[in-house]
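The values are calculated or read from the model by the stated rules, or taken from the named source; none is laboratory data. Everything numeric here is computed off the predicted structure, so don't read it as measured data. Positions of Cβ are generated from backbone atoms using ideal geometry, with glycine treated the same way; all protein chains shown enter the neighbour counts.
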Amino acid sequence: MKHPCANVPRVGELLQVHDHKIHMLRRSRANRPEVVFLHGCGSLAEEVVAPFEVHENIGIIAPDRPGYGFSSPLPSGSQGPLGQSFWLETFLEHIGGGPRVLVGHSIGCAPPLLLAQRRPDLVRAMLLIAPCCRPVPFKPFVLLRTAMMPMIGSTVRRQMTTRWPEVIFRSALRTSAAPNPVPEYLAALPARHIVSSPTIETMVAELSAFNADMAAFGRLSSDLPITVVFGDRDGVIDYRWHSAWIQRNHDQAVFKTLRGVGHLPHHVRTEVCVELLELLVDTVSIVENKRTLVAGG
């Protein structure tokens with residue numbers, strides 16, 4: 001099976017969930033649970049699931065997070081990880097199916113972590129890929145912040161989205177993938193759909209709210225299975241910084257650090273991430289079957 005990425009956006013299902021328009025990709029598999037995937041900053045559902053879709057036995061539900069792709073943005077003041085955790089709660093309740101296994105990449109790991117703390121009944125297990133989850137030292141993000149300034153911001157956004165989207169997208173991909181090469185199918189993602197004015201606004205808003213939202217995070221139940229994958233050459237986040245924070249808040253988390261890998265372990269070492277996800281799903285299924293047998297007495 002070929003990777004489904006193309007130069008035009010993929011269109012899946014469009015849901016109306018209360019006040020939110022949510023676009024999602026979905027693929028069901030018989031006798032396999034559907035795993036929910038959440039992409040990182042400045043990305044799309046089709047990016048985070050691309051390496052997993054080549055494996056036919058994984059059921060997939062992947063929404064564009066609010067303000068990305070075809071999904072509508074959240075109101076001002078609720079666009080950070082905490083507000084997105086409420087959005088995720090509403091989304092999971094809408095699609096039904098009971099508690100889910102969640103997969104997040106980068107900052108896309110923050111909302112499910114907050115959700116697991118507030119609503120553990122909705123989260124069965126988590127695979128966190130290169131997670132950005134601990135409050136981080138301030139970074140200026142000069143271009144993004146300039147794009148949101150009064151007076152000149154609209155002009156900068158117009159230049160970014162009409163003249164520079166391919167340049168900005170290629171640069172971001174190289175930074176995320178480094179020191180690994182950018183896979184061809186990622187380079188073929190729709191740059192103009194990704195580098196849009198709503199996306200720029202969303203990125204600035206969620207990055208600005210990130211530290212305050214995550215500073216209030218507390219410990220998770222050790223009964224929640226969590227597997228964490230980092231690359232030891234990640235140039236986007238300091239994996240040791242986030243790893244220590246996760247260990248403090250979940251003493252049973254399982255860690256896998258991949259040598260020579262940057263911020264995109266799911267694209268660079270797909271087979272490892274798929275194996276870890278399948279192990280997580282199988283472990284959850286075994287535990288649930290045991291509970292069913294005990295309950296049936």
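For this structure, a couple of remarks:
- The residues on offer are His267, His242, and the sole one that is farther than 22 Å from His55 by Cβ, of a type outside the set (Val, Ile, Thr), at pLDDT 95 or above and in a helix (DSSP H, G or I) is His242.
- Pairs, first more than 14 Å from Glu46 (Cα to Cα) and at pLDDT 95 or above in region 166-193, second part of a helix (DSSP H, G or I) and of a type in the set (D, E, K, R), C-beta under 7 Å, six or more apart: Val182/Arg174
- Residue list for region 7-49, restricted to those being modelled with pLDDT of 95 or more, outside any strand (DSSP E or B) and closer than 28 Å to Ile237 by Cα: His39, Gly40, Ser43, Leu44, Ala45, Glu46, Glu47, Val48, Val49
- Residues considered: Ser222, Ser171. Of these, the only one that is polar (S, T, N, Q), over 18 Å from the mean Cα position of the chain (by Cα) and in a loop (DSSP other than H, G, I, E, B) is Ser222.
- Residue among Arg65, Arg124 that is of a type in the set (D, E, K, R), under 14 Å from the mean Cα position of the chain (by Cα) and not in a helix (DSSP H, G or I): Arg65
- Cβ-Cβ under 8 Å pairs, at least 6 apart or on other chains, region 245-257 side farther than 15 Å from Pro225 by Cβ and at pLDDT below 95, far side of a type outside the set (A, V, I, L, M, F, W, C) and in a helix (DSSP H, G or I): none
- Any hit, region 247-263, residues being buried (at least 21 other Cβ atoms within 10 Å of the Cβ) and not in a loop (DSSP other than H, G, I, E, B): no
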